[in-house]
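As structure tokens, the structure follows; a few thoughts come after it.
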Amino acid sequence: MFIAEIMGVGDELLYGETVDTNTAEIAVSLRPYAVEVRRTIRVADHLQTLAGEIRQAWRQARLVVLSGGLGPTPDDITREAIAAALDEALEPDPAVLEWLERLFADRGWKMPEANRKQALKIPSARWIANPRGTAPGWWVHREGKDLVCLPGPPAEWRPMWAETLPQLHLPQKPYKQVSLKTFGLGESRIVELLGGLFQRNGQVEVGTYAKVDGVAVVIRGQPNLVDPLAERIRPLLGEAVWGQDDDTLPLLALRTLEARQATLATLESVTGGVLGALLTGVAGASRRYLGGLVSYSQAAKAQLPMDPGIATRHGVVSAAFAEALASAAREMLQATYALSTTGVAGPETLEGQPVGTLYVGLAGPDGTKSRHYRLPGASREMLRQRAAHAALAFLVSELRGAR
């Protein structure tokens, strides 16, 4: 079993200005290989400290991966730290320097002198091309070991790592993973439902991971064991399962509408446009998503084609109001279906309803219906995201069950 260590570099990671997801994502990408990730750490932009951590990792591990610190500013010191740790001198590469100058020229700019440092490399390293930025990465293969350093922005390092990882020729292991995506069930309830199937026995393991689009139940391990176990687990979770693996709720919602040759409109209150943003984030969404309206204030809601007495009788945070909103959206945009959201994003209660209360309305050819949720969330933005995903989960569930 090979040992790997992964480092995220940057003061911003230590102080929470940027949340470090890179190290975890890189570690997950190593699961299909016979590699044991012994350590993932965050290290400050301090030359001696970072060089010391790299030196220690190089002694202990077969693979060392770093992300961050490859920019042009004085505090981007990953190159210098690697050079110090491996006792090699940095040398300029004229070809990379020319590439950088051309990159800036194509943008109509003169390259700042600070960017020249991005063309520095130690002799044992080879370049990893960066198609989306000015910070090429390094791949060092020495003494039967590999060190890979990548820029920090995910949009840059992901394609670089995807190209480099297969070239490392790491030993593979029999491995498969299935992720069942659920909405409406908490992690503790899922553990209860699975009972003895929630296992970790070395050959196959089951884990639950709370995400903005629900809880993922991940089954991973020996390929011959993963699929049978997933098939036993799926019926225990029932209708809460909305997708699998790389499925997303916006994509599934639009595909389901496509299959029915149906269209969708939205009318959002509590989600404030997040629902529409999720749908329009999918290429080709306009074929099925007609558009929507954010009606946030009471004055805006009063302009909608709906009975104002509903708010008086039931309140704006209610099933009746959510259904009325959905009906209004369907009428205004002449859509097959319409979704609405109303609720309490906080920080204070509204109409006696606690923060996290959500009502989703759905109007369609067979009438209107709604669903009530109590969502967890530490912030308004998290609640808005979860509420928008809840609305899409409701839509997918209802469309799948409709005749």
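Quick note: the coordinates plus some simple rules give every number you see, no bench work behind them. Because the structure is a prediction, the values reported are computed rather than measured. Because the Cβ atoms are built from the backbone with ideal geometry, glycine has one as well, and the counts that use them run over all protein chains shown.
State the dimensionless ratio Rg/Rh of the stretch 2-168 (Rg: radius of gyration of Cα atoms; Rh: Kirkwood radius).
Radius of gyration relative to Kirkwood radius: 0.95.
At 222 nm, what value in deg cm²/dmol follows for the chain if DSSP H runs of at least 4 each add -39500 (n - 2.57) and the sum is divided by all its residues, to the nearest 500?
Taking each H run of at least 4 residues, the total per residue is -11000 deg cm²/dmol.
What angle, in degrees between 0 and 90 and rounded to the nearest 10, separates the Cα long axis of helix 223-237 from the longest principal axis of the Cα atoms of the chain?
With both axes taken from Cα atoms, the answer is about 30 degrees.
Relative contact order of the chain: what whole-number percent is it, with Cα pairs under 8 angstrom and at least 6 residues apart? Before the final figure, lay out the partial values.
On the way: 767 pairs, mean separation 42.1, N = 403.
Worked out over the chain, it gives 10 percent.
How big is the antiparallel share of DSSP beta bridges in the stretch 2-168, given as a percent to the nearest 5?
Counting DSSP beta bridges with both partners in the stretch 2-168, the antiparallel share is about 40 percent.
When the Debye formula is applied to the Cα atoms of the chain, each taken as the same point scatterer, what base-10 log of I(q)/I(0) results at q = 0.07, 0.08, 0.10, 0.15 Å⁻¹?
-0.46, -0.59, -0.85, -1.21
Would you please give the residues with an amide H less than 5 Å from that of Gly184, counting only those at least 5 places away or on a separate chain, with H modeled from the backbone geometry?
Here Val215 satisfy the definition.
Tell me the angle of helix 94-106 to the major Cα principal axis of the chain, expressed in degrees between 0 and 90 and rounded to the nearest ten.
30 degrees
Note the angle between two axes, namely the Cα long axis of helix 47-60 and the longest principal axis of the Cα atoms of the chain, as a number of degrees from 0 to 90, rounded to the nearest 10.
Approximately 90 degrees, to the nearest 10.
Step through the residues of the stretch 295-312 one at a time and calculate ³J(HN,Hα) from phi using the Karplus curve (6.51 cos²θ - 1.76 cosθ + 1.60, θ = phi - 60°), rounding each to whole Hz and writing x for Gly and Pro.
Ordered by residue, 3J(HN,Hα) equals 10, 9, 7, 5, 5, 5, 5, 5, 8, 6, x, 8, 5, x, x, 5, 5, 5 Hz.
What translational diffusion coefficient, in µm²/s and rounded to a whole number, does the Stokes-Einstein relation yield for the stretch 176-244 at 20 °C and a viscosity of 1.002 mPa s, taking the hydrodynamic radius as the Kirkwood radius over Cα pairs?
182 µm²/s
Can you compute the charge dipole magnitude of the chain about its Cα centre, using +1 on each Lys and Arg Cβ and -1 on each Asp and Glu Cβ, nothing else charged? Give it in debye, rounded to the nearest 20.
1000 debye
Residue separation times 0.36 nm, minus the C-alpha to C-alpha distance between Arg102 and Leu236: what's the value?
42.4 nm
Relative contact order, percent, of the stretch 2-168 when contacts are C-alpha pairs under 8 Å separated by at least 6 residues?
22 percent
How big is the antiparallel share of DSSP beta bridges in the chain, given as a percent to the nearest 5?
60 percent
When the dipole is taken about the Cα centre of the stretch 1-150, and only Lys, Arg (+1) and Asp, Glu (-1) are charged at their Cβ, what size is it in debye, to the nearest 20?
Charge dipole, the stretch 1-150, about its Cα centre: 440 debye, nearest 20.
Antiparallel versus total DSSP beta bridges in the stretch 249-401: what percent is that, nearest 5?
Roughly 60 percent of the beta bridges in the stretch 249-401 run antiparallel, per DSSP.
List, in order, the whole-Hz ³J(HN,Hα) value for each residue of the stretch 264-273 obtained from phi through the Karplus relation with A = 6.51, B = -1.76, C = 1.60 and θ = phi - 60°; use x for Gly and Pro.
In residue order, the calculated couplings are 9, 10, 10, 9, 10, 10, 5, 7, x, x Hz.
Out of the stretch 134-233, which GluC sites (Glu not before Pro) are coil in DSSP terms and have no more than 16 other C-beta atoms within 10 Å?
In loop regions of the stretch 134-233 (DSSP not H, G, I, E or B), the sparsely surrounded GluC sites (Glu not before Pro) are Glu143.
Taking a cut-off of 12 Å between Cα atoms, list the aspartates and glutamates near Lys301, but don't count ones fewer than 8 places away on the same chain.
Partners within reach: Glu268.
Considering the dipole of the chain built from charges on the beta carbon (Lys and Arg +1, Asp and Glu -1) around the Cα centre, which of Phe321, Ala81, Val9 is farthest to its positive end?
In the chain, that residue is Phe321.
Could you list which residues have their amide H under 5 Å from that of Tyr337, counting only those 5 or more apart in sequence or on another chain, with H placed in the peptide plane?
Close amide H contacts, sequence-distant or interchain: Thr263, Leu264, Ala265.
Please work out the C-alpha center-to-center distance from the stretch 190-214 to the stretch 6-29 and express it in whole Å.
A separation of 25 Å, based on Cα centres.
What full-extension length gain, to one decimal in nm, is calculated for Arg42 and Thr280 as 0.36 nm per residue of separation minus the Cα-Cα distance?
82.2 nm
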